[in-house]
1. Can you pull out every residue in the range 299-319 that is in a loop (DSSP other than H, G, I, E, B), among the polar types (S, T, N, Q) and under 19 Å from the mean Cα position of the chain (by Cα)?
2. Of the residues Gly296, Gly278, which single one is out of contact with any Lys or Arg (no Cβ under 9 Å at 6 or more places or on another chain) and in a strand (DSSP E or B)?
3. Can you name every residue in the range 320-345 that is away from the ligand (no atom under 16 Å from the Cβ) and assigned to a helix (DSSP H, G or I)?
4. Within the range 175-210, track down each residue that is aromatic (Phe, Trp, Tyr) and either touching a helix residue (DSSP H, G or I) at 6+ places or on another chain (Cβ under 9 Å) or assigned by TED's automatic domain parsing to the domain that holds Pro260 (or both).
5. Out of (1) in contact with a Leu (Cβ under 9 Å, 6 or more places away or on another chain); (2) away from the ligand (no atom under 16 Å from the Cβ); (3) in a helix (DSSP H, G or I), the odd one out for Phe285 is which?
6. Which of the strands (runs of 3 or more DSSP E) found entirely inside the range 148-240 contain at least 1 residues meeting this: of a type in the set (Phe, Trp, Tyr) and surrounded by fewer than 18 Cβ atoms within 10 Å (Cβ to Cβ)?
7. On the given criteria, is Tyr239 within 11 Å of the ligand (Cβ to nearest atom), of a type in the set (Ser, Thr, Tyr) and not assigned by TED's automatic domain parsing to the domain that holds Gly40?
8. For Glu287, are the conditions met, namely being at pLDDT 95 or above, acidic (Asp, Glu) and not assigned by TED's automatic domain parsing to the domain that holds Ile223?
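The values are calculated or read from the model by the stated rules, or taken from the named source; none is laboratory data. What you see is a predicted model, and the numbers here were worked out from it, not measured in a lab. Glycine also receives a Cβ, built like all others from the backbone with ideal geometry; neighbour counts cover every protein chain displayed.
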Amino acid sequence: MQRYEVVVIGAGVAGSFTALLSALSGFRTCLIESSTYPNGATSLSGGVVTRMMDNYIDRELASISIDLIEKYVSEDCIHRGYVCVESYRYAEKDLEKFREYIPDLLLLDADEVRSRWEYIKLYDNEAALFAPSDLTLNPSEMLRDLWEKVLDAGCELMAGKRVDKVDVDVDRVVRLGTQAGDYIRGENFVFCAGPWNIVLLKHIGIDWNMWLLGVPIFKFKVISQSDLVGVWDEYVYSYWRPEDSFLIGGVYDAFSIDSPEKAFIDPSQENINNVLEGFRYRFNFMEWELVDGWCGPISISRDYRPIYGCVDGFSNLYIIDGLGGRGLMRGPALAYKLVTEYLSK
Ligand SMILES: Cc1cc2nc3c(=O)[nH]c(=O)nc-3n(C[C@H](O)[C@H](O)[C@H](O)COP(=O)(O)OP(=O)(O)OC[C@H]3O[C@@H](n4cnc5c(N)ncnc54)[C@H](O)[C@@H]3O)c2cc1C
């Protein structure tokens, strides 16, 4: 039986980057994923990767994540530029705060915004911060691309295998079992199953205390005379990613769930009404149509901070979790930190 130095469970953004960086660091690595195609929170997400965030820890993580995405993810999955609309007063303050992380950040007034993107509505006293080097991504395409890079780096990818057994000897995980009957032995194990970490940790008697939420998101087909750009609307808390002639995004409208599977439902009529309100508030397209909507799970720690490191009571079990609604901004950076600070020590 093959014995790996690092076994990663879950091939979302956190697990895919962890496996890639582990394999590139020279560790014999295996990545186990229950689906055969991108199907977790990452693939359902909005794809926004901006450093324009309220707390400096997230700004720092997003900066590292953007560097990693630029380095490892194919250009075809990436769209550059992100606009944050807010009151002029806050925009002036945020310009100072964010510039440390985003040297090319620009403050645009309503006329400048209109001349670049005629479909974005700005109201009295509003302005926009424009970060040309912030990113939006097609998250499923990014994962497909990363899975190829993971294989190229010499990592074994076991897709379509759900881990449902975790064997422990005192303070060490010794092997995993899958529903299909495989056993995987390793020296170090990293749980990157996002909202499913709760389920995995239950196998070893740990009651992992996270909030689980379901989040709706929508796809609008739009017609515009100007190019589409990613947009964050500080007033109604909506976020948007461009993809061809579509805008994908939503308003923050989460609902509480007690298991990740319960997030996989259609958005409610109330969710639809809320997103229509947010969309109409900020945009002025020549023509538009709501064409799709879905929901996905996120997990949030009790203090809202992301979690990475060794699981208490275990010497060779590590975890990345609590990425919340910011997993694309936090996940690659935490994978890098886990590999360099824990696995490579
Ligand atoms: C609607 C929505 C919009 C969002 N928009 C954004 C955004 O714009 N920007 C942003 O930064 N973040 C956004 N997020 C948050 C982001 O998607 C998550 O924080 C992030 O994807 C979590 O990544 P992960 O790798 O931890 O989990 P996941 O992507 O869920 O990956 C976990 C993987 O583990 C696998 N798995 C689970 N159990 C097992 C098992 N037993 N055995 C093997 N494999 C298993 C799953 O199949 C899954 O592929 C959004 C989330 C949602 C739901």
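1. The one that is in a loop (DSSP other than H, G, I, E, B), among the polar types (S, T, N, Q) and under 19 Å from the mean Cα position of the chain (by Cα): Ser301.
2. Checking each option against the conditions leaves just Gly296.
3. Thr340, Glu341, Tyr342, Leu343 - these are the residues of the range 320-345 that are away from the ligand (no atom under 16 Å from the Cβ) and assigned to a helix (DSSP H, G or I).
4. Once the filter is applied, which keeps residues that are aromatic (Phe, Trp, Tyr) and either touching a helix residue (DSSP H, G or I) at 6+ places or on another chain (Cβ under 9 Å) or assigned by TED's automatic domain parsing to the domain that holds Pro260 (or both), the range 175-210 yields Phe191, Trp196, Trp208.
5. Phe285 satisfies all of (1) in contact with a Leu (Cβ under 9 Å, 6 or more places away or on another chain); (2) away from the ligand (no atom under 16 Å from the Cβ); (3) in a helix (DSSP H, G or I) except (3).
6. Once the strands (runs of 3 or more DSSP E) in the range 148-240 are filtered for at least 1 residues that are of a type in the set (Phe, Trp, Tyr) and surrounded by fewer than 18 Cβ atoms within 10 Å (Cβ to Cβ), what remains is 183-191, 211-223.
7. In short, yes.
8. Against the criterion (at pLDDT 95 or above, acidic (Asp, Glu) and not assigned by TED's automatic domain parsing to the domain that holds Ile223), Glu287 does not qualify.
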